[in-house]
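What follows is one structure encoded as structure tokens, with my remarks underneath.
Throughout, read-outs are computed from the coordinates displayed, never taken from laboratory work. All figures in this text were calculated on a predicted structure; none of them were measured in a lab. Virtual Cβ from ideal backbone geometry, glycine too; neighbours counted across all protein chains shown.
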């Protein structure tokens, strides 16, 4: 604290400047996902405020928030309705222990969420975010099979390109490049299947044949390993951080049927796709025609205004547990902030906003969003623009014939982001890709601005790469 006090004293009691904040971060703040060479000594773009679809950096530059924070600020920044509810709930009840008490907001929210969930998903368990939601679902699967006398049925199927969290079990499912290069995981519990990425399917293979191959791989894996050993399949309807991978049509329903036939729990990870990103509170049934056993959610449930997540569980599974011969068996899992009253109150008001017109607006504006971004495929650096609803990815390639990004500068996404930042847009750079998932409040005119800036940012990056001899497109 001495360094902080000295710095603040030097400012004679004034509020810290941007320079002060950056220096404090450099000295004391460990950023998420740092490299070993910069850990504990890294600073990032300093954001001062936000309003609507815009944020303002420490230099006063106004930027379109292309990623909506981290796929989460669905109703936009500076919504007074959410801030007021946060204050009012904190003044009424700021916290209660979920171990032996409960609060009204969590019960009402559970009912509202269950009303949007497909099938018999009627029971909600609240967590603090997406990672803890997926972790809760996996621990529930283990508990469920232990109580049912199947302690060997614990393996988890995941896929290449997946991202499911940063806690130990949830991170063990991740299948993106670099996620697990230097980190340990529960590798004895996880089986990785192929990514359902149609863009990088084998040359000459139709999308229908590609879908058939994915289903065949799943069936062969279940047969080889044994259904009696596989507890769950965890799947994002759209692989978000893997590059907005939209699976082939009817692939997920076919996988769902295999899981049902083999008593494998289907966990649909809707941490990103839920609460409006695809125009619905949940997309599993509405967009993909599946009724999972469990849906995990977070992010958009509060539009990022308060940390909250959870899982919605099939009534059938809970009934089986209640009928078991082990009535005292305990699902010994919970969090200090499970069912947090402030978070649940914010989520209720957030749902009011979504149901009050934002879901309909997202569905109405999404085709325009996708069509305008698709025009970026005219740029030779862009191999594909793909997406669904209000989430999309610009995938840059060394050449369109090979669709290979590996020969490109590994920081091409960050280069594009840097140019776009200068021009008034924040994007989410992922190695050779740029992801866009703006607040659901975005208008057609704002989409035009976003695409125009992104086009110029990519064009400037192409010029750089050509001058450096990295790319000759």
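Cα centroids of segment 111-133 and segment 19-67: 32 Å apart. Put the Cα centre of segment 265-337 next to the Cα centre of segment 149-185 and the gap is 18 Å.
Computed packing ranks the peptides 426-437, 100-111 as 426-437, 100-111, most packed first, by mean other Cβ atoms within 10 Å.
Highest mean packing first, where packing is the average number of other Cβ atoms within 10 Å per residue, the peptides 202-208, 392-398 line up as 392-398, 202-208. Need the C-alpha centroid separation for segment 357-383 versus segment 218-234, integer Å. That distance is 37 Å. Highest mean first, the peptides 50-58, 296-304 sorted by other C-beta atoms within 10 Å per residue fall in the order 296-304, 50-58. Classified by the C-alpha gyration tensor, segment 282-322 has an oblate form. Its axis ratio a/c, with a ≥ b ≥ c, is 1.5 or above, and a/b does not exceed b/c.
Here the gap between residue 400 and residue 199, fully extended at 0.36 nm per residue and compared with their Cα-Cα distance, gives a gain of 71.3 nm.
Based on alpha carbons, the Rg and Dmax found for segment 372-473 are 12.8, 41 Å. Which label belongs to the value computed from this structure, given these candidates for mean projected area of the Cα convex hull in nm²: [x] 21.6; [y] 23.1; [z] 24.2? Of the listed options [x] 21.6; [y] 23.1; [z] 24.2, [z] comes from this structure.
Taking the DSSP beta bridges in segment 81-354 as the whole, what percent of them are antiparallel, to the nearest 5?
In segment 81-354, DSSP labels about 45 percent of beta bridges as antiparallel.
Most simply put, the chain has about 65% antiparallel DSSP beta bridges, counting only bridges with both residues inside it.
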